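Take a look at the structure set out below.
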Amino acid sequence: MRPLVLLALALTACPGDDVTDGGGVGEGEGEGEGEGEGEGEGEGEGEGEGEGEGEAAPPCAVDDVTVPVLEPVAGELFLMHIGLGGFALGEATLGQLPDGTRFVIDVGNDSHSDDVVDAVDDVFGVRALDVAVLTHHHADHEDGMTDLLQDVDVGVVVHRGFTDVTAAANDNTVQALCDLRAGGQEMLELCVTMTGNCTASASLAPATSCPGLAETFGGGALRLIAANATTADGAGYATLVGPLEENDSNGENGRSVVVVLAHGAFRAVYAGDLTGGGSDTDPVEAFLVTQLGARLPAADVHHLSHHARDTSSQAAWLTATMPLDGRPRSAIAGISTAHVGSPHASVVDAVSAHLGGASLWVTRVAATGDGDGVVSADGGSIRVRTEDGGARYVVQAVGPDGRVIRSERVTSGLACTP
């Protein structure tokens with residue numbers, strides 16, 4: 001593995017960053033000079049935890065609760081990590097933003113389209129999605145797109161673009177996406193090349209910029225903060241550190257899109273199969289921590305990249321997204337039967353230290369995976385829904401038979417004092 005050369009490992013905000021991440025709730029520290037309780041209205045120098053006139057935030061809490069199967073409700077953020085069937089690699093997450101925008105992050109393999117369609121039917125009752133975000137050009141995250149579009153209307157398909165497509169990507173996967181674009185499917189290609197060509201060729205040019213990262217959905221509830229190991233202001237791993245892997249599958253993983261979901265005090269972070277340096281992969285996680293600064297928030301719900309395998313979830317990334325600040329942090333992983341060994345024991349151990357009393361949830365524990373202390377849906381779904389405008393959220397494991405296995409209510413980190 002090449003040595004990681006970084007300017008600094010401090011979590012400093014880049015120019016133009018929203019330092020409070022839109023979630024500050026007044027002044028904090030009892031200073032009482034905040035202008036309100038909402039999205040970043042405080043102006044003082046406190047920790048962002050007070051609520052206006054010096055009123056202390058409530059304590060953080062994690063409680064087992066008994067609630068029906070979670071479904072979307074107006075004004076709240078909803079997520080459903082879909083349990084995908086068969087012995088095939090795949091991951092897909094369905095969701096609804098507070099304004100009603102319906103989306104999916106990744107769509108599984110081409111054998112999983114029925115699973116995703118069934119989830120759309122079950123959750124929404126109408127076969128229409130506003131946004132589909134494809135985190136990277138690997139079959140287990142993207143190949144289901146063509147079949148899905150035969151049954152579900154999708155407004156816009158978001159992906160990093162036809163850039164830096166090397167042998168680490170799947171040619172058939174990229175070609176299918178090219179064909180969809182040629183057929184008129186609306187696409188937001190986050191990064192661009194000089195030519196703009198779209199072919200399944202390993203010679204496609206590197207990205208010249210990633211202007212699509214300025215786009216948001218749901219009034220800013222869904223943000224795209226990195227793609228192709230590059231940030232919106234053009235800070236790229238390839239330029240500042242060195243070339244990413246090209247001939248190994250993890251070279252494609254390292255180019256994954258990073259998504260932030262936000263509602264009130266609630267934050268969730270998804271990063272596809274982003275690599276952190278484990279198992280001799282490129283340490284893109286640590287690079288993005290330094291470059292994103294405050295744009296990469298502490299997450300209430302942290303998606304464990306690469307199906308909770310040890311290529312990802314390295315120390316710098318966990319410290320940034322699941323800080324040891326006394327607040328509860330939930331972790332979720334999408335694991336299919338074919339992800340043998342997931343979740344990896346080293347990842348479970350590392351993440352467990354950052355949970356703060358909350359839990360690690362997986363769609364299943366694959367063969368030889370470490371299920372010690374992990375909440376599994378046994379092939380069913382993991383669901384999340386915010387409450388009280390994002391001040392709290394419920395995480396729930398639902399078995400493939402529709403039975404609720406466990407539900408946990410957690411106070412969002414920006415809304416509580418440890």
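The values are calculated or read from the model by the stated rules, or taken from the named source; none is laboratory data. Keep in mind the model is a prediction, meaning the values are calculated, not measured. Neighbour counts are summed over all protein chains in view; Cβ atoms, including those assigned to glycine, are modelled from backbone coordinates with ideal geometry. All accessible areas refer to the heavy atoms of the entire protein, side chains included, with ligands and DNA or RNA removed. Shrake-Rupley method; radii C 1.70, N 1.55, O 1.52, S 1.80 Å.
Could you go through the stretch 178-193 in sequence order and give the Karplus-derived ³J(HN,Hα) for each residue, using 6.51 cos²θ - 1.76 cosθ + 1.60 with θ = phi - 60°, rounded to whole Hz, and x for Gly and Pro?
4, 5, 5, 5, 4, x, x, 5, 5, 9, 10, 9, 5, 10, 10, 10
Could you derive backbone 3J(HN,Hα) for the stretch 213-225 from the dihedral phi with the Karplus parameters 6.51, -1.76 and 1.60 (θ = phi - 60°), listing whole Hz in sequence and x where the residue is Gly or Pro?
5, 7, 7, 9, 9, x, x, x, 6, 10, 10, 10, 9
Please state the charge dipole magnitude for the stretch 129-278, taken about the Cα centre, from unit charges on C-beta atoms (+1 on K and R, -1 on D and E), reported in debye and rounded to the nearest 20.
Here the size comes out at about 540 debye.
All other residues with a Cβ under 15 Å from the Cβ of ASP370 taken together, and with Lys, Arg as +1 and Asp, Glu as -1, what is their net charge?
-1
Rounded, prolate or oblate: which fits the stretch 227-364, taking a ≥ b ≥ c as square roots of the Cα gyration tensor eigenvalues, rounded meaning a/c under 1.5, else prolate when a/b beats b/c?
oblate
Taking 25 Å as R0, compute the FRET efficiency from the Cβ-Cβ separation of GLN150 and PHE87 and round it to 0.05.
The pair GLN150/PHE87 has a calculated efficiency of 0.60.
Please list, by residue number, every one of the trypsin sites (Lys or Arg not before Pro) in the stretch 384-417 that is coil in DSSP and has at most 12 other beta-carbon atoms within 10 Å.
Answer in residue order: ARG403.
At 0.36 nm per residue, and after removing the present C-alpha to C-alpha distance, how many nm does the segment from ALA56 to ALA294 gain when stretched out fully?
Contour length minus the Cα-Cα distance gives 83.3 nm.
Where the centre of each part is set by its Cα atoms, how far does the stretch 237-294 sit from the stretch 49-119, in angstrom?
So the two Cα centres are separated by 22 Å.
Among PRO283, ALA238, ALA268, which residue has its Cα furthest toward the positive end of the charge dipole of the stretch 216-288, with +1 on Lys/Arg Cβ and -1 on Asp/Glu Cβ?
ALA268
Could you pull out every residue, at least 5 positions away or on a different chain, whose amide H is within less than 5 Å of the one on ILE405? Hs are placed 1.01 Å off N in the peptide plane, and Pro or chain starts have none.
Long-range HN contacts for ILE405: ALA397, VAL398, GLY399.
Can you give me the long-range amide H partners of ALA358? Hydrogens built in the peptide plane at 1.01 Å from N, cutoff under 5 Å, separation of 5 or more residues or another chain.
Close amide H contacts, sequence-distant or interchain: ARG329.
What does a probe at ASP63 reach in the stretch 382-418, counting residues whose amide N is under 14 Å from the point 7 Å along Cα→Cβ?
Answer for this model: 387-388, 392-395, 407-412.
Enter the accessible area of GLU246 (Å², nearest 10), with the probe set to 1.4 Å and all protein chains included.
100 Å²
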